Amino acid sequence: MTLVELSVAVFILLVLLAAATPSFVRSYNSSLVDAAARSLATTCQFARHQAVVYRKPAVLHIDLDKQLYWVTQAEQINSDSDAAITLRTTALSPRVTLISAQVGEEPAEQQGQMDMIFRPNGTCDALTVVFRGQERGSFLGLSVDPITAAATAYPVK
């Protein structure tokens, strides 16, 4: 094999790599948005489980400004204190942004903190959340059913 042949082969590989890189980056960013939505869906199921098993309401707090969410539950159900235990905290990837959240019939918020309550009977408030990835046009919505707390992801334009 001559140096010219080797140079041509390396050049062809570099051209193929350059053509494939944008697709790979889009796919990677899309998977990050999907993972963020799955993580929130799993956290909702966790909060529902905690509320049903311990027979105490669990609250999912979503902070749009700090880009994180966490689950708390009261230490004792009928106590005078408002002490709550933080059960799980999740911060979003820097490549994913929580755009808006809507709990129940309230209007969708794009800043501040929202609280979603999971009741001991297994029901919860309805929740709709929109995530945005770094890729242009990369939006994903997540809707949580108030009866089953099952989450459904859907593309948002």
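Every residue in the stretch 105-157 that is within 17 Å of Gln73 (Cβ to Cβ), touching a Cys at 6+ places or on another chain (Cβ under 8 Å) and either part of a loop (DSSP other than H, G, I, E, B) or β-branched (Val, Ile, Thr) (or both), please.
Listed by number, the residues that qualify are Ile117, Ala149.
Here are some conditions: (1) surrounded by fewer than 10 Cβ atoms within 10 Å (Cβ to Cβ); (2) touching a residue at least 40 places away in the same chain (Cβ under 8 Å). Ala36 meets all but one. Which one does it not meet?
With respect to (1) surrounded by fewer than 10 Cβ atoms within 10 Å (Cβ to Cβ); (2) touching a residue at least 40 places away in the same chain (Cβ under 8 Å), Ala36 is out only on (1).
Are any residues in the stretch 93-104 under 16 Å from the mean Cα position of the chain (by Cα) and part of a loop (DSSP other than H, G, I, E, B), and if so, which ones?
Answer for the stretch 93-104, where residues must be under 16 Å from the mean Cα position of the chain (by Cα) and part of a loop (DSSP other than H, G, I, E, B): Ser93, Pro94, Arg95.
Phe24: within 23 Å of the chain's Cα centre (by Cα) and under 17 Å from Ser143 (Cα atoms), yes or no?
No: the conditions fail for Phe24.
Would it be correct to say that Ser39 is among the hydroxyl-bearing types (Ser, Thr, Tyr), within 20 Å of the chain's Cα centre (by Cα) and part of a loop (DSSP other than H, G, I, E, B)?
So Ser39 fails the test.
Which residues, taken from the stretch 70-89, are modelled with pLDDT of 70 or more and β-branched (Val, Ile, Thr)?
Passing the criteria: Val71, Thr72, Ile85, Thr86, Thr89.
If you scan the stretch 55-74, which residues turn out to be without any contact (Cβ under 8 Å) to a residue 24 or more places away in the chain and either in contact with a Gly (Cβ under 9 Å, 6 or more places away or on another chain) or part of a helix (DSSP H, G or I) (or both)?
Once the filter is applied, which keeps residues that are without any contact (Cβ under 8 Å) to a residue 24 or more places away in the chain and either in contact with a Gly (Cβ under 9 Å, 6 or more places away or on another chain) or part of a helix (DSSP H, G or I) (or both), the stretch 55-74 yields nothing.
The values are calculated or read from the model by the stated rules, or taken from the named source; none is laboratory data. Please read these numbers as outputs of a predicted model, since none were measured by experiment. Using ideal geometry, Cβ is built from the backbone for each residue, glycine included, and neighbour counts are taken over all protein chains shown.
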